[in-house]
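Every number in this text was worked out from the coordinates using simple rules, so none of it is lab data. Because the structure is predicted, anything quoted here is derived from the model rather than measured. As a convention, Cβ positions derive from the backbone with ideal geometry for all residues, glycine included, and neighbour counts pool all protein chains shown.
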Amino acid sequence: MRALLAGHASLRSRLARRLGPDLADDALQETWIRLRTRGDLSLVKNPDAYLFRTALNAASNIAKGDQRRLSHLEVEALLNVADDAPGPVTIAEDRASIAVVQQALSELSERQRVIFEEAFLGDATHHDLAERFGISVRMIQKELKHGVDLCARRLKREKVVRSGELRVSEKKDG
């Protein structure tokens, strides 16, 4: 401790040339703390060399720690990332829309409801549905249009499907 106090200016100057003034000051502070917490050290033959090496080790540890930390700009960038998750208002509106659609679907005939659900939620093609119900593909498309129009009216939205947009779906392989 006496050597550190007596040679502080010289040691700081040597460290500043090698590390830069800010890191030199931090390293000296860390060296001071290490010496104070170690208690009784055995006799050191060359206290100046010991202090210099201790300060260099402290500087190395400080630099490694700084590399693991995010910079101020990196933290700011992370904090400004937009949250893509829907908020409470959007969730409530979506739940209300789902309830409206469910109510509208309950007003459809059984066949219309099954066709609607299979076409939009299932994996059945228009051909598959036509075969299952024994009707034409064009009739399947009309039933779908009826269901879509009903849902659009209940949701007070523009008509989603315009005339001629419903096409014959491709038959799946296998």
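General remarks:
- Once you reduce the stretch 1-67 and the stretch 118-155 to the center of their Cα atoms, the two points are 79 Å from each other.
- For the stretch 1-86, the relative contact order comes to 32 percent (Cα pairs under 8 Å, sequence separation of at least 6).
- With loop membership from DSSP and a limit of 12 other Cβ atoms within 10 Å, the longest segment of the chain without trypsin sites (Lys or Arg not before Pro) is 70-155.
- The stretch 2-78: C-alpha gyration tensor shape, a/c 1.5 cut-off, then a/b vs b/c: prolate
- Pairs of Cα atoms nearer than 8 Å and 6+ residues apart set the relative contact order; for the chain it is 16 percent.
- Crossing angle, helix 47-68 versus the chain [Cα axis fit, 0-90 degrees, rounded to tens]: 10 degrees
- Taking Lys and Arg as +1 and Asp and Glu as -1, the other residues whose beta-carbon sits under 14 Å from that of Ala96 total +2.
- Across the chain, the longest run free of exposed loop sites, meaning GluC sites (Glu not before Pro) lying outside DSSP classes H, G, I, E and B with no more than 14 other Cβ atoms within 10 Å, spans 1-106.
- Helical contribution to [θ] at 222 nm, DSSP H n ≥ 4, -39,500 (n - 2.57), averaged over the chain, rounded to 500: -22000 deg cm²/dmol
- Gyration tensor (alpha-carbon) shape descriptor, the stretch 88-154, a/c threshold 1.5: prolate
- Using the Karplus relation 6.51 cos²θ - 1.76 cosθ + 1.60 with θ = phi - 60°, the per-residue 3J(HN,Hα) values for the stretch 3-18 come to 5, 5, 5, 6, x, 4, 4, 5, 5, 4, 4, 4, 5, 5, 5, 8 Hz, with x marking Gly and Pro.
- Normalised Debye scattering of the chain at q = 0.14, 0.15, 0.16, 0.17 Å⁻¹ gives log10 I(q)/I(0) of -0.88, -0.93, -0.96, -1.01, counting only Cα atoms as equal scatterers and leaving out solvent.
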